[in-house]
Amino acid sequence: MTAPGSLIAPWEVEGRRLAPLLDGVSAVVVAANDPSVAVSVAIGVARAHGQRRRVAIADLIGESPAIEALLTGDDPHGIADSFLYGVSLNKIARPMQGADNVFLMPSGTESVDHQDVYANDRWRRLAAGFHQVGALLIVVARPQVAGFAELCGYIGSVMPVGETAFPAPPGIPLIAPPAPPPPPAAEPVEAPRRESKARAREAAQQDESSRTRRLWVLLILLAAIAVAVGALWPQIVERLPAPLAALVTGAQPAPDSTAVVVPPTPMNVAPPADSLQRDSLGNVIGDSSRLDSTATDSVAALPAPTVANPADSAASARYAVYFATANTRAAAMPDPKVRALEAVALSPVMEGTEQWFRVTVGAAAERSEAEALLTRLRNEKVIGSGSIVSVPLAFRIETKVTTPLVPTRLAALATRGVIAYALRQTDGSATIYTGAYESPSQAIPLAESLRAAGVAPVLVYRTGRAF
């Protein structure tokens, strides 16, 4: 809050100072040992970023006074009601007083500082939705709550603030606030000293040739530095961070591949236009692609497909890298760089009444192989944070495909709306799959889409290695 005399006003000012650190970020956890500090910093960041993009603050502190004071309306619902009971995120997001581009998601009618809310996988999809539209999600949280590390992993980055430190979750990108600039040190004032006649005479007798010689040495040194910089310029630019290199060279930076969400596997099965609802955040918080109630009821009533090869469970290529989630089919279209990754699986999944499109990369029987893939994708700047997921099930499209025919088969399926991938089997042939799921019930929407496209949905434990 910014009322005159408020004790937390300085921390809101600190949030405005730190706001530029989040210019390239779409979701962040702001945390401090003192919850009021974290909330005030988040409000300061939100006010600064709200001048150029949409921002939402999620209160995982629990009825934060600073956030409650800025709410508009009297609806008591919030994060707890949405995550625990299915209340729409559209309903709980409310504009913040005095900031038209900033929205608040209060804690709600029940406690939020527990693992069921903090470690909820829904945060990952919510963060992906903000990334998709270039908005900023700020989650204010307590680092002492169980599930804090999982929350930071789903959101993708954490900014610790306050005067006392807390253990940061390992492996999570840390946005470390720089120390405020120190006040300029007062220069000591010395009493003027009168030069002695001898020193004045010595200075007056300084040889002009000595000054000229020093000037030439300086010019030669500068010329040598210029030649060295010119020769090493390509290597220097290559080592610079991408945004700084683009600024120096005047080139447009390459798009961040984590901004690309891969298309869903299902065919042209889309919710009716009248069932699409836009929230007050302009589709930021992900309810715009929910199925209509009839479609949802029909999917829920369908039996889960039977796994055709239960004996292959132990040998399944279950581990993959979670890449992204999109909440609309149009937003889930891939670019060539993403499609070139190994075993890209595009899976529609239902969350309550909402349909999402999840993207995973890779297929490995050992977790260590998936972790190595995740490390490589991070090092190559293909993915931001990412995580390892277990998705052993997929729909088998074709078996015994020879290696030269794999690209042709995948292209033919793509023309029918099926985005598939191939895994090499022990006999050298390839098996073609689509989707990647944790359980048979989760695969129901894709099974119906395949039937509609004339493809028999055979659910199996996927086996083999990625090409």
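Each residue, LYS381 and TYR85, gets one label point 7 Å from its Cα in the Cβ direction; the gap between the two is 4.7 nm. Within the shell defined by Cβ-Cβ distances under 9 Å, the residues around THR325 carry a net charge of +3, with Lys and Arg each +1 and Asp and Glu each -1. Full extension of the chain between THR426 and THR306 yields a length gain of 40.7 nm, computed as 0.36 nm times the residue separation minus the alpha carbon distance. Site pair LYS337 and GLU366 shows an inter-label distance of 3.0 nm when each label is modelled 7 Å from Cα along Cα→Cβ. Positive end of the dipole of segment 337-467 (Cβ unit charges, origin at the Cα centre): among PRO392, SER439, LEU405, the Cα lying farthest that way belongs to LEU405.
In this structure, the amide hydrogen of SER157, modeled 1.01 Å from its nitrogen in the peptide plane, lies closer than 5 angstrom to those of VAL29, counting only residues at least 5 positions away or on a different chain. The charge dipole of segment 9-160, taken about the Cα centre with unit charges on the Cβ atoms of Lys, Arg (+1) and Asp, Glu (-1), comes to about 640 debye, rounded to the nearest 20. As a rough footprinting exposure proxy, the listed residues GLU150, GLU438 were ranked by other beta carbons within 10 Å of their own, and the order from fewest upward is GLU438, GLU150.
Taking amide H as placed 1.01 Å from N in the peptide plane, MET96 has its amide H under 5 Å from the amide H of VAL102, PHE103, LEU104, each at least 5 places away in sequence or on another chain. Here the calculated FRET efficiency for GLU63 and PHE166, from their Cβ-Cβ distance with R0 = 30 Å, stands at 0.90, rounded to the nearest 0.05. When the charge dipole of segment 9-160 is built from unit charges on Cβ atoms (+1 for Lys and Arg, -1 for Asp and Glu) and taken about the Cα centre, the candidate among SER40, ALA19, ALA58 whose Cα reaches farthest toward its positive end is ALA19.
For every other residue with a beta carbon closer than 10 angstrom to the beta carbon of ARG124, add +1 if it is Lys or Arg and -1 if Asp or Glu, then tell me the sum. Around ARG124, the charge tally is +1.
The HN-Hα couplings worked out from phi for segment 318-326 by the Karplus form 6.51 cos²θ - 1.76 cosθ + 1.60 (θ = phi - 60°) are 7, 8, 8, 9, 5, 10, 6, 9, 10 Hz, whole numbers, x standing for Gly and Pro. Summing charges over all other residues whose Cβ lies under 11 Å from the Cβ of TYR433, with Lys and Arg as +1 and Asp and Glu as -1, gives +1. By the count of other C-beta atoms within 10 Å, a proxy for reagent exposure, MET350, MET159 are ordered fewest to most as MET350, MET159.
Residue order for ASP23, ASP74, ASP116, fewest other beta carbons within 10 angstrom first, comes to ASP74, ASP23, ASP116. The HN-Hα couplings worked out from phi for segment 91-106 by the Karplus form 6.51 cos²θ - 1.76 cosθ + 1.60 (θ = phi - 60°) are 6, 8, 6, 10, x, 8, 4, x, 8, 5, 9, 10, 10, 10, 10, x Hz, whole numbers, x standing for Gly and Pro.
In order along segment 452-467, the Karplus-derived 3J(HN,Hα) couplings, from 6.51 cos²θ - 1.76 cosθ + 1.60 at θ = phi - 60°, round to 4, 8, x, 10, 5, x, 10, 7, 9, 6, 6, 10, x, 10, 5, 6 Hz, and Gly and Pro are given as x. Database remark: amide H of ALA343 closer than 5 angstrom to the amide H of GLY362, ALA422, PHE467 (H placed geometrically; neighbours at sequence offset of 5 or more, or on other chains; Pro and chain starts carry no H). Rounded to the nearest 0.05, the FRET efficiency derived from the C-beta distance between VAL13 and ASP116 at R0 = 41 Å is 0.75.
Just so you know, all these numbers are worked out from the coordinates, no wet-lab data involved. The shown structure was predicted, so the numbers you read here are calculated from the model rather than taken from an experiment. Every residue, glycine among them, receives a Cβ derived from its backbone with ideal geometry; neighbour counts consider all protein chains shown.
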